[in-house]
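The values are calculated or read from the model by the stated rules, or taken from the named source; none is laboratory data. In this text the structure is predicted, and so the values were computed from the model without any measurement. Please note: Cβ atoms are built from the backbone with ideal geometry, for glycine as well, and neighbour counts cover all protein chains shown. Just so you know, the surface numbers come from the protein's heavy atoms only, side chains and all, with ligands and any DNA or RNA stripped out. Shrake-Rupley method; radii C 1.70, N 1.55, O 1.52, S 1.80 Å.
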Amino acid sequence: MRKNLVKRMIDKDIANGDLAKTIGVTERTIKNKISGNLDFKLSEVLEIRNKHFPKEKIETLFEDFPVVPSD
């Protein structure tokens with residue numbers, strides 16, 4: 001589980017659906033990415049950070065699991 005991301009989502013009242021919409025995936029997919037069953041692509045990480053958490057460091061939000069490069 002990406003605990004820091006989940007904590008920031010709660011703090012800012014951001015739902016899974018908000019992140020899913022940001023990166024163009026289903027809510028099921030975003031749940032799998034947050035839980036660690038799927039990895040985030042670097043492009044997804046950047047989109048999420050830039051739109052929802054612009055003041056946060058990527059390393060802080062996504063420190064619990066590796067991020068795979070974009071296609």
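Remarks
- Tally, over region 1-14, of residues that are over 11 Å from F53 (Cα atoms) and open to solvent by less than 50 Å² (accessible area, probe 1.4 Å): 3
- Residue that is nearest to M1 (Cα to Cα), among those in region 15-43 that are modelled with pLDDT of 95 or more and of a type in the set (D, E): E27
- Of all residues making up region 15-47, the number that are open to solvent by 70 Å² or more (accessible area, probe 1.4 Å) and within 18 Å of K57 (Cβ to Cβ): 2
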